[in-house]
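Below is one structure, written out as structure tokens, with a few remarks after it.
The values are calculated or read from the model by the stated rules, or taken from the named source; none is laboratory data. Small disclaimer: the values here were computed from a predicted structure and weren't measured. Here the Cβ positions follow ideal geometry from the backbone for every residue, glycine too, while neighbour counts run over all protein chains shown. Heavy atoms of the whole protein, side chains included, go into the accessibility calculation; ligands, DNA and RNA do not. Shrake-Rupley method; radii C 1.70, N 1.55, O 1.52, S 1.80 Å.
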Amino acid sequence: MNDSPYSLRDEKNMLRERYLKQRRSIDRDRKEKMDAAIVGRISGLRCYCYAKAVLLYYPKEDEINLLPLARRAISEGKRVLFPVSDHDGVMHYRQVSDIDADFVPGMFGIPEPKKSCPVFDKANVGGSAIVIMPALSIDRDGYRLGYGKGYYDRYMVGFRSTAIGVIYSELLSDRLPRGRYDRRADLVVTEKETIFLQK
């Protein structure tokens, strides 16, 4: 494999097209069952049970829907946070308390927490935290194929938390191309299995 940045970018872009097309082809009923199975697996994890803060994402139409997990975490008294993305490539999180009322249209057409929602300070978590990251594919080493913007890789620098990658089993890869700044997940959850990786 040619390791030049240009060839790596090209390879990732080709894979993005492939996995995005594959994900969009998943039957709606089967998707809902797989989403529910993934939510069940995460809610049974020790790191989730002890987490004081749960950092999630608001799903696009064909992404894994973890909003039921967000509702559960709120009911359990956890801090539930969703990202806000800026045009300069910076992402931060805000805390929500009502999944139905605390969001407004955001960048890329994805709902984001209102400006009135408290900003999360990752340097002062006040307990353990988990970050659940979306992906187009994830490999068995925990490396994600995202959308190419690098938001999560930058955000995770210096953040002491457990990073969880979620993916449908059919989009799980044996090995994905990775760059020097790519941040791998600490565990990977599919509807069929949980893969624990050493930090």
Worksheet item: Which one of the conditions (1) at pLDDT below 95; (2) out of contact with any Lys or Arg (no Cβ under 6 Å at 6 or more places or on another chain); (3) more than 28 Å from LEU8 (Cβ to Cβ) does GLY127 fail to meet, given that it meets all the rest?
Response: (2)
Worksheet item: assigned to a loop (DSSP other than H, G, I, E, B), within 24 Å of LYS52 (Cβ to Cβ) and open to solvent by less than 10 Å² (accessible area, probe 1.4 Å), is that true of GLY165?
Response: no
Worksheet item: Picking from ASP10, ASP29, which residue would you name as being under 29 Å from GLY109 (Cα atoms), at pLDDT below 95, out of contact with any Asp or Glu (no Cβ under 8 Å at 6 or more places or on another chain) and part of a helix (DSSP H, G or I)?
Response: ASP10
Fill in: Check on TYR93, closer than 19 Å to ILE167 by Cα, within 16 Å of the chain's Cα centre (by Cα) and of a type in the set (Phe, Trp, Tyr)
no
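Quickly run through the range 60-82 and pick out the residues that are touching a helix residue (DSSP H, G or I) at 6+ places or on another chain (Cβ under 7 Å) and either at pLDDT below 95 or open to solvent by 20 Å² or more (accessible area, probe 1.4 Å) (or both). Before you say what the answer is, go through the steps one by one.
Filtering the range 60-82 down to residues touching a helix residue (DSSP H, G or I) at 6+ places or on another chain (Cβ under 7 Å) leaves 62, 64-66, 68-69, 72, 80.
Result: ASP62, ASN65, PRO68, ARG72.
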Worksheet item: Right, GLU17: exposed (fewer than 12 other Cβ atoms within 10 Å of the Cβ) and in a loop (DSSP other than H, G, I, E, B) or not?
Response: no
Discussion item. Exactly one of these conditions fails for ARG183: (1) farther than 17 Å from HIS92 by Cβ; (2) part of a loop (DSSP other than H, G, I, E, B); (3) open to solvent by 30 Å² or more (accessible area, probe 1.4 Å). Give me its number.
Written reply: (1)
